[in-house]
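Below: one structure in structure tokens.
The values are calculated or read from the model by the stated rules, or taken from the named source; none is laboratory data. As the structure is a prediction and not an experimental result, all values here were calculated from the model. Neighbour counts run over all protein chains shown; Cβ positions are idealised from the backbone, glycine included. Each accessible area value is taken on the protein alone, full model and side chains, heavy atoms only, with ligands, DNA and RNA left out. Shrake-Rupley method; radii C 1.70, N 1.55, O 1.52, S 1.80 Å.
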Amino acid sequence: MVLEKLVEVSLETLRACYTCFKCIGVCPAGLRPNLFVKAYLSTVFRELRDVYEEIVTNSSLWSCAKCLKCVEVCPQKVPLNDVIEYLQREAAKRGLAPRAYQDMVENIMGTFLAFGSQTIVSRDGDFYTTGEARELLGLTPLPEPNKIEKFRERLKGLRSIG
Amino acid sequence: MARMVKLAVFTGCFALSKQIAVELSTLRVLQHLNVEPIVPRSVNCCGFAFRGLYPSMSLYLTGRLLASLTASDPDGILTLCNGCYLMLREAVHRLREDRRLLESVRSYLRDEGLELRGIPRIVHPVELLHDIVGTEVLKGIKRTGDNNVLVATHYGCHALRPSTVPSFDNSVNPSKMERIVEALGFRARDYPERLDCCGAVLLATNPSLAMKLAYSKISGTARWGFHLLVTTCPYCFEMLDARQEAVMQTFGDEPRLPVMLLTQLIGLQLGLSEGDVALNLNLSPVDKVLPQIVRR
Ligand code: SF4
Ligand code: SF4
């Protein structure tokens, strides 16, 4: 099945990086996106293995705000978002992925949605649960988790392949 | 009069559960704009947050969503959240280009009795207002208040970037939101922080950095003398409106930028009440600007 192995980043695009540092200039999180490119290239060029180790194990990978400014500014059209996501998967293989994503997936398996009921506050200081507030405003209730078993099994299968 | 446009509305997890004024104000406003919204009950998360970790799962979730949302055969899918908008426009783009991928997604869905027949048009709220409803119609809305109100627009990162995936406006110099604001009788102006990130994605992994990004966006915008900032995305709204007080206090500053949803502003211009667009749920200092918008 094609869904089981979605395309990885192409090395050709990656080699295009000529270290102009434009991506560093625009990154609001203070990251150096070009280093992610280097780390990715280490899958081919062994001498970059140190960069790879450094990047995959340090927390900068999870400090990317996904603002996509680096992607937009890169004169060489390096798909930095794909690069970062690839490295995040590598980090996840070592158990370094933040817990928050797991929780969202678990929630989806139980309710179709990433989040359950929240507390909604008004400017006057009133508190409501999601259900109360939606009802008060005449909005439909959240979807019911009917017939979710098959969906849950499917997600479990897909989780194991990434 | 043109035929009524029928759009399936996808609200998205966060707007469904937390920023509910997004859905409410959109539905209220659409009643007046010759658009028929269909709000399907059977939806699921688009998979945006963990797209990097589980790309196949995310694509399956997005594909499943496309199938459920097109079941009623609408003219398009209106996505209220920028994260969902990116997921859907990207999926549609990939599935159009890659038939094998499309067949693969279809066979997964068929197993569940879902059919992905055509590939629908994905519509952003700004696109709906600017291209489908049209600024001429917005100009005709009964205007209240004072047209010296200076409005900052906030599109949000995933409405426009990456430009490799088609969206509704120019990714480096968009203008549709400004034209909407002007059609409503207000003033809009470019500003250096216009395309900056609200930081919301980082809430899950690095909350203090998320606050820092939001602070830079809010305080940067506020210094140009805007009376109001408008956005459509529930996550941007969470960072810029709901968390504004916390964000500003973290950096020893005060909340001072009124923030509204674009659909709330349109609703007020249409003469809807504050309650109709759930303005009591805005936590930024909107009281500062309300007298200039609503004539009491
Ligand atoms: S902007 Fe592109 S080419 Fe320049 S350093 Fe960054 S990734 Fe390399
Ligand atoms: S997408 Fe991530 S790495 Fe790129 S500029 Fe934004 S925060 Fe920095």
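Would you be able to say whether some residue in segment B:74-91 is without any contact (Cβ under 8 Å) to a residue 40 or more places away in the chain, in a helix (DSSP H, G or I) and out of contact with any Gly (no Cβ under 6 Å at 6 or more places or on another chain)?
yes
Another one. Quick test for you: out of B:GLY63, B:GLY52, B:GLY47, pick the one residue that is modelled with pLDDT of 95 or more and under 18 Å from A:SER160 (Cβ atoms).
Being modelled with pLDDT of 95 or more and under 18 Å from A:SER160 (Cβ atoms) holds for just one of B:GLY63, B:GLY52, B:GLY47, which is B:GLY47.
Can you find even one residue in segment B:53-71 that is within 12 Å of chain A (Cβ to nearest Cβ) and in a loop (DSSP other than H, G, I, E, B)?
yes
Would you please list the contacts, defined by Cβ atoms under 8 Å and residues six or more apart or on different chains, that run from a residue in segment A:25-50 that is assigned to a helix (DSSP H, G or I) and within 11 Å of ligand 2 (Cβ to nearest atom) to a residue that is among the basic types (Lys, Arg) and open to solvent by 30 Å² or more (accessible area, probe 1.4 Å)?
If the second residue must be among the basic types (Lys, Arg) and open to solvent by 30 Å² or more (accessible area, probe 1.4 Å), the pairs left are A:VAL26/A:LYS69.
Right, another one. Could you tell me which of the residues A:ALA92, A:ALA97 is outside any helix (DSSP H, G or I), more than 16 Å from ligand 2 (Cβ to nearest atom) and crowded, with 17+ Cβ neighbours inside 10 Å?
Exactly one of A:ALA92, A:ALA97 is outside any helix (DSSP H, G or I), more than 16 Å from ligand 2 (Cβ to nearest atom) and crowded, with 17+ Cβ neighbours inside 10 Å, namely A:ALA97.
Could you run through segment A:11-65 and say how many residues are of a type in the set (Ser, Thr, Tyr) and within 14 Å of ligand 1 (Cβ to nearest atom)?
Qualifying residue count for the region: 4.
Which of the residues belonging to segment B:200-234 are under 20 Å from the mean Cα position of the chain (by Cα), crowded, with 21+ Cβ neighbours inside 10 Å and hydrophobic (A, V, I, L, M, F, W, C)?
Those that are under 20 Å from the mean Cα position of the chain (by Cα), crowded, with 21+ Cβ neighbours inside 10 Å and hydrophobic (A, V, I, L, M, F, W, C): B:ALA200, B:VAL201, B:LEU202, B:ALA210, B:LEU213, B:ALA214, B:ILE218, B:LEU228, B:LEU229, B:VAL230, B:CYS233.
Among the residues of segment B:187-199, is any within 22 Å of A:LYS66 (Cα to Cα), of a type in the set (Gly, Ala, Ser) and either open to solvent by less than 30 Å² (accessible area, probe 1.4 Å) or in contact (Cβ under 8 Å) with a residue 24 or more places away in the chain (or both)?
yes
Go through (1) in the same structural domain as A:GLY30 (by TED's automatic domain parsing); (2) within 23 Å of B:PHE10 (Cα to Cα); (3) among the charged types (D, E, K, R); (4) in a helix (DSSP H, G or I) one by one and return the number of the condition A:LYS66 breaks.
Here A:LYS66 meets the rest and fails (4).
Quick one: A:ASN107 ticks every box in (1) away from ligand 1 (no atom under 16 Å from the Cβ); (2) within 30 Å of B:SER216 (Cα to Cα); (3) without any contact (Cβ under 8 Å) to a residue 40 or more places away in the chain except a single one, so which number is it?
(2)
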